[in-house]
Amino acid sequence: MIIPDDLYKEIISCTVNLCVDIFLQKEEKYLLIKRTQEPLKGDFWPIGGRIHKGETAEQAARRKIKEEIGIDYSGKLTAIGYYEDQYTANSFLTETQYHTLSIVFLGVVDNIQ
């Protein structure tokens, strides 16, 4: 189930948003993508986004990989940590504190160019 935008705007103003971020590694390099939305629009960041209700963190990570770079990643994803952040900007461009807790995954790939 995906939360409608109007309700999600209210939710982010009073809760912590649970997310995943994924570092895909090839040899000694890591894939970063340029963010197109706030927070951190224009910055390079790992693939990632929020976890949907009913999804495991790993399922969310695989979904975000597919959504953001168009590949079905079937390799191993290892949870390597978490971090917490607070922003004054969000993708709805509303004035509210945006608080996230992200579970960080690492995936090793051999075939991404």
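Loop only by DSSP, 16 or fewer other Cβ within 10 Å of the Cβ. Give me the chymotrypsin sites (Phe, Trp or Tyr not before Pro) in the stretch 12-106 that pass, ordered by residue number. Don't skip to the end; give the middle numbers.
Working: sites: Phe23, Tyr30, Phe44, Tyr73, Tyr82, Tyr83, Tyr87, Phe92, Tyr98, Phe105; in loops: Tyr73, Phe92.
Answer by residue number: Phe92.
Only loop residues by DSSP count here, and only those with at most 16 other Cβ atoms within 10 Å; note down the trypsin sites (Lys or Arg not before Pro) in the stretch 10-56 that meet that. Before the final figure, lay out the partial values.
Working: sites: Lys26, Lys29, Lys34, Arg35, Lys41, Arg50, Lys53; in loops: Arg35, Lys41, Lys53.
When the trypsin sites (Lys or Arg not before Pro) of the stretch 10-56 are filtered for loop state and at most 16 Cβ neighbours within 10 Å, Arg35, Lys41, Lys53 remain.
Taking every lysine pair in the stretch 18-80 that is 8 or more places apart or spans two chains, those with Cα atoms closer than 26 Å amount to 20.
For a paramagnetic label modelled at 7 Å from the Cα of Gln59 toward its Cβ, which residues of the stretch 1-34 fall within the zone defined by backbone nitrogen distances under 14 Å? Answer for the stretch 1-34: 1-2. Under the combined filter of DSSP loop state and at most 10 neighbouring Cβ atoms within 10 Å, the stretch 1-100 retains these GluC sites (Glu not before Pro): Glu27, Glu28, Glu95. With a cut-off of 14 Å on the backbone N, the residues of the stretch 39-54 near the modelled label site 7 Å out from Ile80 along Cα-Cβ are 46-47.
Determine, at each q value in 0.19, 0.20, 0.26 (inverse angstroms), the log₁₀ of I(q)/I(0) that the Debye formula gives when each Cα of the stretch 1-75 is one equal point scatterer. Taken in order of the listed q values, log10 I(q)/I(0) reads -0.91, -0.99, -1.36.
Coordinate-derived values only; no laboratory data. The model shown is predicted, which means the values in this text are computed figures rather than measured ones. Reconstructed Cβ throughout: ideal geometry from the backbone, glycine too, with neighbour counts over all protein chains shown.
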